[in-house]
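The values are calculated or read from the model by the stated rules, or taken from the named source; none is laboratory data. What you are looking at is a predicted structure, and each value in this text was computed from that prediction instead of being measured. Every residue, glycine among them, receives a Cβ derived from its backbone with ideal geometry; neighbour counts consider all protein chains shown. Side chains included, ligands, DNA and RNA excluded: accessible areas come from the protein's heavy atoms. Shrake-Rupley method; radii C 1.70, N 1.55, O 1.52, S 1.80 Å.
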Amino acid sequence: FSFTYKPLKDADGQVYAIIHAAMDVTKQVQLQQQKDEFLGIASHELKTPVTSIKAYAQVLERMIRNEGDEKKANMVHKMDLQLNRLTGLIGDLLDVTKIQSGKMTFNPVEFDFDAAVEEIVEEMQHISSKHRIICALASKAIVFADKERIGQVITNFLSNAIKYSTDASEIEVITFSQDGEVILSVKDYGIGISKDMQHLVFDQFYRVDGNLQHTYPGLGLGLYISAEIIKSEGGRIWLESAAGQGATFFFALNIKSFR
Ligand code: ADP
């Protein structure tokens, strides 16, 4: 049951009655559980055929390229890139169901933070030739965390920076150590986020402007998942931005040692 109380006051502000309302929410909770279960099963079922199509597309691309037909090979390559997007979206949906059922697992290892960031930046640089990603990686930190999951957060910051700064060309990635923490920031010079919307961007399915849906595709899950990952790893996540003036996303993690 969900209970609500509302006091009724007279002209002098004296309470003369209280309305109590009790609502049976069993049905709503059941529906929510069914929805979460469906999302979990649907994303799991979608993953298998997409993985298989992707494997075939890659073999096909290699075969066509070996036969010397660059034009056809490039078309298959484009299919493969779109399949990456699809795999990413399905992965995000799966992660959300894992978070909601408390089943997201973490495999912590010790790793060189700057080297991990550099690796991801190199990968992302291939994705957008329009943007130049400038790095100043100076933390020298070794952290103990799930490397893949932390990589997922960095990739999310970078892909958002690329996506929301179509008219700008520079993105800055900085790492440094401070008071026992390693701090990473990703700065772009894109559309930015107004102050009153900033506290919402880490919410599930939240997207700043529904009207921008077609210009900037996405499900509004990346930052929600990122925040869950960083919080589960005992860290902090935040942003600095102003509308039209770009955005800088940060996270901080505890340092295990220095290299
Ligand atoms: P998605 O990008 O798929 O919509 P995210 O959870 O990654 O989902 O981001 C949530 C929202 O926060 C986005 O829809 C966008 O409105 C805003 N946002 C995220 N990163 C940036 C950025 N670098 N610049 C401007 N807005 C951003």
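Considering (1) closer than 27 Å to Ser177 by Cα; (2) surrounded by fewer than 17 Cβ atoms within 10 Å (Cβ to Cβ), the lone condition that Ala55 does not fulfil carries the number (1).
All of Val117, Val121, Val143 fail the test of being within 16 Å of the ligand (Cβ to nearest atom) and buried (at least 18 other Cβ atoms within 10 Å of the Cβ), apart from Val121.
Where strands (runs of 3 or more DSSP E) fall entirely within segment 92-185, those with at least 2 residues that are of a type in the set (Gly, Ala, Ser) are at 141-145. Look at segment 220-232: where a residue is at pLDDT below 95 and a partner is more than 7 Å from the ligand (Cβ to nearest atom) and not in a helix (DSSP H, G or I), sitting 6+ places away or on another chain with Cβ atoms under 6 Å, you get Gly220/Phe205.
For first residues located in segment 159-175 and within 12 Å of Ser129 (Cα to Cα) and among the small types (Gly, Ala, Ser), partners that are away from the ligand (no atom under 12 Å from the Cβ) and in a strand (DSSP E or B) and lie 6+ apart or on another chain with Cβ distances below 7 Å form the pairs Ser169/Arg132. Number of residues in segment 19-59 that are free of Cβ contacts under 8 Å to residues at least 12 places away in the same chain, within 30 Å of Asn74 (Cα to Cα) and of a type outside the set (S, T, N, Q): the value is 5.
So for segment 169-177 (the condition being of a type in the set (A, V, I, L, M), in contact with a strand residue (DSSP E or B) (Cβ under 7 Å, 6 or more places away or on another chain), more than 9 Å from the ligand (Cβ to nearest atom) and open to solvent by 60 Å² or more (accessible area, probe 1.4 Å)), does at least one residue qualify? Yes, segment 169-177 contains at least one residue that is of a type in the set (A, V, I, L, M), in contact with a strand residue (DSSP E or B) (Cβ under 7 Å, 6 or more places away or on another chain), more than 9 Å from the ligand (Cβ to nearest atom) and open to solvent by 60 Å² or more (accessible area, probe 1.4 Å).
Within segment 232-251, the residues that satisfy the criterion of being within 23 Å of Ala168 (Cβ to Cβ) and not in a strand (DSSP E or B) are Ala242, Ala243, Gly244, Gln245, Gly246. Could you please let me know if Asp196 is of a type in the set (D, E, K, R), surrounded by fewer than 17 Cβ atoms within 10 Å (Cβ to Cβ), assigned to a loop (DSSP other than H, G, I, E, B) and at pLDDT below 95? For Asp196, the condition - of a type in the set (D, E, K, R), surrounded by fewer than 17 Cβ atoms within 10 Å (Cβ to Cβ), assigned to a loop (DSSP other than H, G, I, E, B) and at pLDDT below 95 - is not met. For segment 201-210, residues that are more than 8 Å from the ligand (Cβ to nearest atom) and at pLDDT 90 or above total 1.
Only one of the numbered conditions (1) open to solvent by 30 Å² or more (accessible area, probe 1.4 Å); (2) touching a residue at least 12 places away in the same chain (Cβ under 8 Å) is not met by Gly246, and that is (1).
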